[in-house]
Amino acid sequence: MKRIRQTDKGENPVLQKLQRTKKQKTGYCSTSHPYALIDWGTLPHHVILHIFQFLPLVDRARASSVCRRWNEVFHIPDLWRKFEFELSQPATSYLKSTHPDLIQQIIKKHADHLQYVSFKVDSSTESAEAACDILSQLVNCSIKTLGLISTAKPSFMDVSKAHFVSALTVVFVNSKSLSSIKIEDTPVDDPSLKVLVANNSDTLKLLKMSSCPHVSPAGILCVADQCHGLRELALNYYLLSDELLLALSSEKHVNLEHLRIDVVSENPGQVEFHTIKKQSWDALIKHSPKVNIVMYFFLYEEEFDPFFREETPVTHLYFGRAVSKSMLGRIGMNCPRLIELVVCANGLQPLDDELICIAERCKNLTAMGLGECEVTCRGFIEFVKMCGGRLTQLSVMEEVLIPDSDYNLDQIHSEVSKHLGRMWFPDMMPTW
């Protein structure tokens with residue numbers, strides 16, 4: 001029988017290979033592959049926790065089945081402070097959905113750990129109702145932020161108002177430390193807002209509730225009167241009032257940082273828009289001089305008449321439908337704080353004079369977007385020249401620019417780039 005040749009040190013190379021293979025299978029470290037051969041089950045809790053925080057929920061759940069130690073980390077409260085419930089109907093939606101068994105496990109074991117919670121639902125009423133069912137079970141929660149998000153149509157509006165309000169007030173009553181709430185496109189009402197204020201007035205800082213038709217101006221005024229720490233507010237124009245602005249300007253109230261106002265009309269002529277007094281706007285700016293006032297307009301041309309007749313401290317303006325030349329002219333005359341202006345559509349009359357007026361009087365303007373309207377190349381270059389390098393964002397569709405006797409489309413990019421101090425080209429498609 002042949003003997004296996006020994007190495008210089010008297011070691012058998014075949015045995016060495018077998019020993020290395022055995023070590024790899026048992027998980028002991030090797031000097032050649034230190035990371036591949038770590039015994040992952042002995043990692044400290046804080047290291048596993050750090051790894052789990054980067055994993056999607058599905059991968060985290062799978063990893064928890066590796067060993068008992070990893071399963072223990074899976075249930076550490078810090079991993080459940082932030083959670084998004086995704087609810088959809090597989091037959092009608094492309095969205096993934098949180099498994100029902102996991103939802104029950106969270107409610108049973110981690111409800112009191114949840115702090116930053118959101119619900120993302122598809123367009124089905126069933127998903128919105130499932131979200132309400134979960135909310136109604138969070139009786140031991142200490143939630144700080146709550147967001148209800150409809151990915152398509154506002155499905156929460158199809159839920160029974162009594163069911164929705166009952167579920168929402170469970171969170172309002174039990175949390176007592178809510179600081180941020182996003183409940184837009186929902187059937188929230190005045191009584192539920194009173195419950196919110198009664199239990200969270202000292203902590204509430206952000207409230208977004210546009211398109212909530214069951215809330216009245218008195219309901220939102222109650223929030224402003226009691227929640228003196230409120231810094232951000234989003235609502236529909238019909239809820240805006242002189243009283244609300246004065247409440248937000250009281251000595252007890254902190255400086256407001258962001259006020260978003262949606263001005264929406266579905267049927268022309270059916271909504272009469274009221275006017276806010278200049279004195280009320282002035283009081284707000286005196287109290288909160290750095291506040292951003294953002295207005296989204298979805299109106300028909302004949303409905304713009306009540307707006308910007310007097311000086312208005314708006315900082316960001318977005319027009320989702322056609323807006324008249326006269327309206328843009330009033331903006332140039334009465335919106336000196338304007339920072340950003342986006343016009344998605346206009347008629348077929350050039351807007352040269354209106355843009356030049358805006359450039360001349362709106363000294364803070366830094367962003368402009370134009371689509372489906374007309375500006376002569378000469379007028380546009382004059383506008384850019386007056387604004388200069390302060391225009392950090394300039395998004396203009398190429399079809400907006402009308403060649404004239406001074407400039408054509410081939411020349412405009414170099415002229416505009418010269419005045420901006422950077423390379424610029426018109427857009428082929430909208431970027432906003």
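The values are calculated or read from the model by the stated rules, or taken from the named source; none is laboratory data. Bear in mind that the values here come from a model prediction, so they are computed numbers and not experimental data. Please note: Cβ atoms are built from the backbone with ideal geometry, for glycine as well, and neighbour counts cover all protein chains shown. For the accessible areas, the whole protein counts, side chains as well, though only heavy atoms, and no ligand, DNA or RNA atoms are used. Shrake-Rupley method; radii C 1.70, N 1.55, O 1.52, S 1.80 Å.
Some points to look at:
- Taken together, the residues in segment 243-281 that are part of a loop (DSSP other than H, G, I, E, B), open to solvent by less than 40 Å² (accessible area, probe 1.4 Å) and in contact with a Pro (Cβ under 6 Å, 6 or more places away or on another chain) amount to 1.
- Index of the failed condition, residue 190 passing every other in (1) closer than 23 Å to residue 140 by Cβ; (2) touching a helix residue (DSSP H, G or I) at 6+ places or on another chain (Cβ under 8 Å): (1)
- Per-region count, segment 407-427, residues exposed (fewer than 14 other Cβ atoms within 10 Å of the Cβ) and part of a loop (DSSP other than H, G, I, E, B): 5
- From the options 37, 49, 102, 55, residue that is at pLDDT below 75 and either under 30 Å from residue 150 (Cβ atoms) or touching a helix residue (DSSP H, G or I) at 6+ places or on another chain (Cβ under 8 Å) (or both): 37
- Any chance residue 128 is hydrophobic (A, V, I, L, M, F, W, C) and surrounded by fewer than 16 Cβ atoms within 10 Å (Cβ to Cβ): no
- Single residue of 321, 337 found to be of a type in the set (D, E, K, R) and modelled with pLDDT under 95: 321
- Scan of segment 384-406 for residues that are open to solvent by 40 Å² or more (accessible area, probe 1.4 Å), within 29 Å of the chain's Cα centre (by Cα) and either modelled with pLDDT of 90 or more or of a type in the set (A, V, I, L, M) (or both), ordered by number: 390, 392, 393
- The residues on offer are 117, 73, and the sole one that is more than 29 Å from residue 161 (Cα to Cα) and crowded, with 16+ Cβ neighbours inside 10 Å is 73.
- Selection from segment 311-356 of residues that are free of Cβ contacts under 8 Å to residues at least 40 places away in the same chain, open to solvent by 40 Å² or more (accessible area, probe 1.4 Å), of a type outside the set (Val, Ile, Thr) and closer than 19 Å to residue 388 by Cα: 336, 353
- Residues (surrounded by 22 or more Cβ atoms within 10 Å (Cβ to Cβ) and under 20 Å from the mean Cα position of the chain (by Cα)) located in segment 188-209: 188, 204, 207, 209
- Flag for residue 228 being in a loop (DSSP other than H, G, I, E, B) and touching a residue at least 24 places away in the same chain (Cβ under 8 Å): yes
- Test: residue 203 is outside any loop (DSSP other than H, G, I, E, B) and polar (S, T, N, Q): no
For every residue, the table says whether it meets (1) more than 28 Å from residue 202 (Cβ to Cβ); (2) part of a loop (DSSP other than H, G, I, E, B); (3) of a type in the set (S, T, N, Q); (4) open to solvent by 70 Å² or more (accessible area, probe 1.4 Å).
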site: 101; (1), (2), (3), (4): yes, no, no, yes
site: 141; (1), (2), (3), (4): no, yes, no, no
site: 163; (1), (2), (3), (4): yes, no, no, no
site: 166; (1), (2), (3), (4): no, no, yes, no
site: 171; (1), (2), (3), (4): no, no, no, no
